[in-house]
Every structure is written in structure tokens, then in C-alpha cells.
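**Q** Let me begin by handing over the structure; questions about it come next.
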Amino acid sequence: MAISIGPTLHPARFFSDLKHRRRESVLAELSRRARALGVGQEPELLQATLLLRERLGSTCAGHGIAAPNARSLLVSSPLVLVGRSRRGIAWSAADPDPVHLVLLVLSPAETPVSTHLDLVARTLAIVRPARVRQKLLEVERVEELAGILRELVP
Amino acid sequence: MSARSALVALHDADLLLEEAHAPDGRRRCRALGLDLPGLGALERARRQLHQQLEPHWMRAYERARRRYGRAVVAVRDRVCQGCYMALPTSASPGAEALTVCESCGRILVWH
């Protein structure tokens with residue numbers, strides 16, 4: 001069964017100015033945010049899982065977008081967090097271009113693989129169009145950022 | 001890393017491996033621009049995590065994994081999320097302790 005993406009698009013789940021410029025630190029920051037939202041447990045362990053996912057392959061999807069994602073025992077319900085970095089993040093040696101939008105997609109461990117990948121795919125599909133990416137990078141307030149994405153979700 | 005942390009990391013590593021080995025997991029990831037070239041690196045990381053476990057936890061993990069697919073489950077509201085049996089009040093360890101569900105044998109992680 002598909003996970004509805006609409007409820008995930010709350011302004012509390014957007015971070016318009018990620019503090020860090022390295023992938024490891026950004027994943028730690030977003031893991032802490034997930035805990036603050038009551039969805040992710042034990043941020044250090046969650047970051048370790050996300051780093052294991054990066055070992056499997058970089059989650060940089062091109063065009064300045066990264067979609068770190070995992071199913072985890074530490075996650076109690078599906079969650080999408082959107083982080084923006086105007087300065088850019090050095091994601092991995094294999095991805096020379098900086099990442100400006102980070103879409104963290106988390107699912108509980110019991111989620112089937114196909115359901116989790118559907119959520120990743122639908123999240124990426126929303127931000128792939130160049131005009132959307134541009135808008136997301138330009139908006140000033142987090143409410144606008146959330147509003148733009150909400151308009152795009154049926 | 002504590003035994004509990006190693007078990008949680010091992011469990012999540014196995015979920016990632018399941019994704020990489022799923023019939024269309026690799027194809028779908030590639031279609032999203034997320035290739036999976038690091039299968040060997042992840043398998044090495046898994047072996048390292050496995051070696052951190054004490055032998056009895058290693059055996060309990062592999063036994064439950066063979067039987068159920070997932071060997072470790074969370075406890076929510078005192079209910080094992082593997083078999084959904086309510087756990088007795090005596091089964092309430094500290095955050096770092098590990099226990100096994102007396103009903104199904106899965107390893108329990110209490111948050």
C-alpha cells in the first residue's frame with residue numbers, strides 16, 4: 001500500500017538553512033530533527049544507518065538533489081524531511097556538484113521495500129522539475145517552501 | 001558500540017541488503033539516479049557488525065532471522081511488534097538491555 005505524501009508536507013518538516021556543509025554532519029542534523037519531531041529515535045544510530053545506505057551507493061540524484069533514505073528500526077512512522085542549503089553540501093567524492101536540496105525519506109522497518117521506494121520516487125519526482133528546484137532555492141520563508149511543495153502534491 | 005547498538009545497526013544493514021537484493025530494488029534505485037555500487041562495502045560492514053556481537057546474541061539473531069526474516073523488533077506500548085503479544089510487566093529492562101520475546105523469540109529493542 002502506498003504511503004500518502006501529503007501529511008508529510010508540514011512546515012515543521014522543512015529546514016531552509018542547513019547549518020553544515022558535509023554530508024555526515026547534515027545527516028546527523030536531520031536525524032536529530034527527526035527525533036525532535038517524535039518520529040526517529042536515537043539520532044546517532046539513525047545517522048549510522050543513513051551512512052550505511054551511503055556505503056551502498058551515494059544518494060545524490062543529480063541536479064543538486066540528494067535523497068538519503070532508509071527503513072529502520074528507529075523510525076516509528078513514514079517521514080519526509082526537506083533541508084535546503086544555499087551554500088551547497090559536498091555530498092561525496094563521486095558527486096562533484098554541491099547538493100542544495102536534501103530530501104530525507106524514512107520508513108519504519110516493517111515497510112515493504114517497494115512501498116519505501118515508492119515514497120522515495122514520489123518525493124524525488126516532486127522536486128525534479130527545474131522550475132520547482134529554482135523556486136525552492138529562492139523562497140525566503142519556510143512557510144513558502146512548504147506551500148510550493150503542497151501545491152504540487154495531489 | 002554496545003551490543004544493543006550493534007544489533008540495531010546489523011538489523012538496519014540487513015534491511016538495506018534486502019533492498020539491494022530485492023527483485024526490482026536495484027533497477028528502481030538506478031531509475032531514480034541512485035545506483036548501488038557498494039554492495040561489497042555494505043556486506044563487509046555487516047560482517048564487522050556481526051563480529052561485535054557476543055556468540056549467544058549472534059545465534060539468537062541468526063535463528064530469528066532465518067525464521068522470520070527480521071530478527072529484531074521494537075517494543076511499543078509494551079507490545080512486541082513482531083508477534084503483537086503483550087509483554088509481561090516483569091519484562092521492562094533499562095534502555096541498554098536486550099531481551100528476547102518469550103512468545104516469538106525475536107530480539108526486542110525498547111526505546
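**Q** Are any residues in segment B:92-111 within 13 Å of chain A (Cβ to nearest Cβ) and exposed (fewer than 12 other Cβ atoms within 10 Å of the Cβ), and if so, which ones?
**A** The answer is B:A95, B:E96, B:H111.
**Q** Go through segment A:96-129 and count every residue that is hydrophobic (A, V, I, L, M, F, W, C), in contact with a Ser or Thr (Cβ under 7 Å, 6 or more places away or on another chain) and within 9 Å of chain B (Cβ to nearest Cβ).
**A** Counting residues in segment A:96-129 that are hydrophobic (A, V, I, L, M, F, W, C), in contact with a Ser or Thr (Cβ under 7 Å, 6 or more places away or on another chain) and within 9 Å of chain B (Cβ to nearest Cβ) gives 1.
**Q** State all residues of segment A:17-32 that are in contact with a Lys or Arg (Cβ under 9 Å, 6 or more places away or on another chain) and either surrounded by fewer than 20 Cβ atoms within 10 Å (Cβ to Cβ) or modelled with pLDDT of 95 or more (or both); if no residue qualifies, say none.
**A** Scanning segment A:17-32 gives A:D17, A:R21, A:S25, A:V26, A:E29.
**Q** May I pose another question? Quick one: which strands (runs of 3 or more DSSP E) lie wholly within segment A:31-138 and hold at least 2 residues that are not small (G, A, S)?
**A** Hits in segment A:31-138: A:69-72, A:79-89, A:99-108.
**Q** Another question, then. Does segment A:56-65 contain any residue that is more than 15 Å from the chain's Cα centre (by Cα) and without any contact (Cβ under 8 Å) to a residue 60 or more places away in the chain?
**A** First pass over segment A:56-65, keeping only residues more than 15 Å from the chain's Cα centre (by Cα): A:56-57.
Among the residues that remain, those that are also without any contact (Cβ under 8 Å) to a residue 60 or more places away in the chain are: A:56-57.
Looking through segment A:56-65, at least one residue is more than 15 Å from the chain's Cα centre (by Cα) and without any contact (Cβ under 8 Å) to a residue 60 or more places away in the chain.
**Q** Another one. Just the residues that are charged (D, E, K, R), surrounded by fewer than 15 Cβ atoms within 10 Å (Cβ to Cβ) and in a helix (DSSP H, G or I), please, taken from segment B:1-42.
**A** Listed by number, the residues that qualify are B:R27, B:R30.
**Q** Does A:S85 fit the bill of being of a type in the set (S, T, Y) and farther than 15 Å from A:F14 by Cβ? Show your work before the answer.
**A** Numbers: of a type in the set (S, T, Y): yes; farther than 15 Å from A:F14 by Cβ: no.
Criteria not met by A:S85.
**Q** Taking the condition of being exposed (fewer than 15 other Cβ atoms within 10 Å of the Cβ), over 17 Å from B:L17 (Cα atoms) and not charged (D, E, K, R), how many residues in segment B:56-71 meet it?
**A** Summing the residues that are exposed (fewer than 15 other Cβ atoms within 10 Å of the Cβ), over 17 Å from B:L17 (Cα atoms) and not charged (D, E, K, R) in segment B:56-71 gives 1.
**Q** Would you be able to say whether some residue in segment A:74-86 is within 13 Å of chain B (Cβ to nearest Cβ), surrounded by 22 or more Cβ atoms within 10 Å (Cβ to Cβ), hydrophobic (A, V, I, L, M, F, W, C) and more than 27 Å from A:P129 (Cα to Cα)?
**A** Looking through segment A:74-86, at least one residue is within 13 Å of chain B (Cβ to nearest Cβ), surrounded by 22 or more Cβ atoms within 10 Å (Cβ to Cβ), hydrophobic (A, V, I, L, M, F, W, C) and more than 27 Å from A:P129 (Cα to Cα).
**Q** Separate question: Which of (1) part of a loop (DSSP other than H, G, I, E, B); (2) β-branched (V, I, T); (3) within 11 Å of chain A (Cβ to nearest Cβ) is the odd one out, the single condition B:T89 does not satisfy?
**A** (3)
**Q** Which is surrounded by fewer than 13 Cβ atoms within 10 Å (Cβ to Cβ) and out of contact with any Cys (no Cβ under 6 Å at 6 or more places or on another chain), of A:P96, A:P108?
**A** On inspection, the qualifying residue turns out to be A:P96.
The values are calculated or read from the model by the stated rules, or taken from the named source; none is laboratory data. In this text, all values refer to a predicted model and were calculated from it rather than measured experimentally. Every residue, glycine as well, gets a Cβ built from its backbone with ideal geometry; the counts of neighbours run over all protein chains shown.
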